């Protein structure tokens, strides 16, 4: 019990004026601003989550042919689900620069994904070129014995004369099917590292009757580079004409 300044008793249990809830004291404009801020926050969070859920992967901007030197200008980027297991095998926007300078080992059509496995190391010697030798798999160790890093000899056969065009060339790449098996016989090729003169010799040899790619890893350099010897072949022809 309280008393007033006159000494009269005053009841203390009489409730005062009721306080309005906080939200009821806000203007319409303030409520709109709060709602807009909350909506913007939710949208930003969703946008961040959406960006984290995708990965930018490379697709060929134009058709890529085996043997060309890869760089970032050859690809465009599309987004796919970051949880997709195929992402680990593809070139991404984060890895494309590190892969520049490698050699394209498979034919990649415009719009197709570019896989890391489609690229091989460039020739170790800066003076060497990457030369793509198209050859039937049946004339290249069956197509299954030769692999990246092996050494090969290339033989041309023309007019009954077999000649080593190059010996001990390093293999930069060979094709593989999507299932990891052999490619079709007519689609086989071997990318080798050669100097400028040897590249010209191979180009000329490709116009011969046939070409053979021989697995030479661990083998010694052949003693005879031509069989039969040109003079022997000429003598045989002359005798037949006589």
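The values are calculated or read from the model by the stated rules, or taken from the named source; none is laboratory data. Bear in mind the structure is a predicted one, so any value in this text is a computation, not a measurement. Backbone-built Cβ (ideal geometry, glycine too); neighbour counts: all protein chains shown.
Looking across 221, 179, 235, one residue alone is modelled with pLDDT under 85, under 19 Å from residue 106 (Cβ atoms) and either under 26 Å from the mean Cα position of the chain (by Cα) or not in a strand (DSSP E or B) (or both). It is 179.
Of all residues in segment 102-135, those satisfying the criterion of being surrounded by fewer than 12 Cβ atoms within 10 Å (Cβ to Cβ) and closer than 30 Å to residue 168 by Cβ are 124, 125, 126, 127.
Is it the case that segment 11-33 has a residue that's part of a loop (DSSP other than H, G, I, E, B), surrounded by 12 or more Cβ atoms within 10 Å (Cβ to Cβ), touching a helix residue (DSSP H, G or I) at 6+ places or on another chain (Cβ under 9 Å) and at pLDDT 65 or above?
From segment 11-33, those part of a loop (DSSP other than H, G, I, E, B) are 11-22, 26-27; that's our starting set.
So of that shortlist, the ones also surrounded by 12 or more Cβ atoms within 10 Å (Cβ to Cβ) come out as 26.
Now restrict to residues that are touching a helix residue (DSSP H, G or I) at 6+ places or on another chain (Cβ under 9 Å): 26.
Next, from what is left, pick out any that are at pLDDT 65 or above: none.
No, because not a single residue in segment 11-33 is part of a loop (DSSP other than H, G, I, E, B), surrounded by 12 or more Cβ atoms within 10 Å (Cβ to Cβ), touching a helix residue (DSSP H, G or I) at 6+ places or on another chain (Cβ under 9 Å) and at pLDDT 65 or above.
Yes or no: segment 161-169 includes at least one residue that is assigned to a loop (DSSP other than H, G, I, E, B) and in contact (Cβ under 8 Å) with a residue 12 or more places away in the chain. No. Close contacts from segment 66-88, counting a first residue that is in contact (Cβ under 8 Å) with a residue 24 or more places away in the chain and a second that is in a helix (DSSP H, G or I), with Cβ to Cβ under 7 Å and a gap of 6+ residues or different chains, come to 70/99; 72/97; 80/87. Residues of segment 86-101 being under 26 Å from residue 147 (Cα atoms) and either loosely packed, with under 14 Cβ neighbours inside 10 Å or touching a helix residue (DSSP H, G or I) at 6+ places or on another chain (Cβ under 9 Å) (or both), which ones? Selection gives 86, 88, 89, 90, 91, 95, 96, 97, 98, 99, 100, 101.
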